[in-house]
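Quick note: the coordinates plus some simple rules give every number you see, no bench work behind them. What you are looking at is a predicted structure, and each value in this text was computed from that prediction instead of being measured. In this analysis, Cβ positions are derived from the backbone assuming ideal geometry, glycine residues included, and neighbour counts consider all displayed protein chains.
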Amino acid sequence: MNRRDCLKYITLGGTSLIATAQTAKAAAPKLKFRELYAPQMAFSAQAKQLNGQKIQMKGYVAPPLKPDINFFVISRLPLFECPFCEEEAEWPDNIVMVYSKQSIPTEVVPVNITGRLELGTQTDPKTGFVSRVRLVDARY
């Protein structure tokens, strides 16, 4: 804490607004599934603005697809069908691929995830699965 921050702390009666401001500054913006797309499956202006930035999302972990993959999928609602069986033209608007260095969850449970948003069609080199939206370097 520098001298100016110390004076603010004393002036405000010892309430640590400094820590509160730093926490708020560090918090990643939240993005909901319904905010990802505009009509005709185009990405929304909000999603485009957040592309490449660290964001927060809530979703349900989809059942594991294969035991040796390095990603998992979250969806707006619990998912019971394989989203990768569809072509890009039929891509569901309620799933996001998640790449994380943490272990891959194996249960269909709700999770809060923070990661860097990536938009655009991409094919996973190991599996051939296609995605339109990804959270990279994610933590949950």
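Descending by average beta-carbon neighbour count within 10 Å, the peptides 119-128, 43-52, 93-102 line up as 93-102, 43-52, 119-128, the highest first. Computed from backbone phi with θ = phi - 60° and the Karplus coefficients 6.51, -1.76 and 1.60, the 3J(HN,Hα) list for the stretch 48-56 is 4, 5, 8, 4, x, 9, 6, 9, 10 Hz; x is used for glycine and proline. Multiplying the residue separation of residue 104 and residue 127 by 0.36 nm and removing their Cα-Cα distance gives an extension gain of 6.7 nm. Each residue of the stretch 120-131 was assigned a 3J(HN,Hα) from its phi angle through the Karplus curve 6.51 cos²θ - 1.76 cosθ + 1.60 (θ = phi - 60°); the sequence is x, 5, 9, 9, 5, x, 7, 10, x, 5, 9, 9 Hz, with glycine and proline shown as x. Across the stretch 98-107, rounded Karplus estimates of 3J(HN,Hα) from the backbone phi angles (6.51 cos²θ - 1.76 cosθ + 1.60, θ = phi - 60°) give 10, 9, 9, 7, 6, 5, 7, x, 10, 10 Hz, Gly and Pro being marked x.
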